[in-house]
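To start, the structure under review is shown below, and the notes come after it.
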Amino acid sequence: MSPIPELQQRQIDRWCERRVPADKRIVSRWRGRMVTLVEKRPEWSVEPGERPFAQLRYGVDGMWTLYYWSEELGRWRKYPDSVRENSPVPLLADIDRSTYGEYFFTG
């Protein structure tokens, strides 16, 4: 059984399903208390392949934290514009509000 509440798992999965541009899709990969959001582009795309772009971490205290992948450092870094939340929804909204390319998307 996952340590992440089922309702919150569904909220993240629904967020991913709503982001379906023509040339890519967003999927969630679950591992323990971490959810990695991955951009998947089909083989026929100009830039095919997969790229992790955000990670939500569920703490033992029930609080969520948002991270972004730093190509420069080769590791996850805490997203500077968000705070710890008791639900993943506000953090997913932070991703929606971010400047594309600044932290989360290649465009």
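FYI, it's all coordinate maths here, none of it is from the lab. Since this is a predicted model, take the numbers as computed values, not measurements. Please note: Cβ atoms are built from the backbone with ideal geometry, for glycine as well, and neighbour counts cover all protein chains shown.
For VAL46 and SER87, a Förster radius of 35 Å and the Cβ-Cβ distance give a FRET efficiency of 0.45, rounded to the nearest 0.05. Modelled spin-label separation between ARG29 and GLU72, with each label point placed 7 Å from Cα along the Cα-to-Cβ direction: 2.4 nm. Ignoring the sites themselves, the chain has its longest run without GluC sites (Glu not before Pro) in a DSSP loop having at most 14 other Cβ atoms within 10 Å at 1-42.
Restricting segment 11-75 to chymotrypsin sites (Phe, Trp or Tyr not before Pro) that sit in a DSSP loop and have at most 13 other Cβ atoms within 10 Å of their own Cβ leaves TRP44.
The HN-Hα couplings worked out from phi for segment 26-35 by the Karplus form 6.51 cos²θ - 1.76 cosθ + 1.60 (θ = phi - 60°) are 10, 10, 10, 10, 9, 8, x, 9, 10, 10 Hz, whole numbers, x standing for Gly and Pro.
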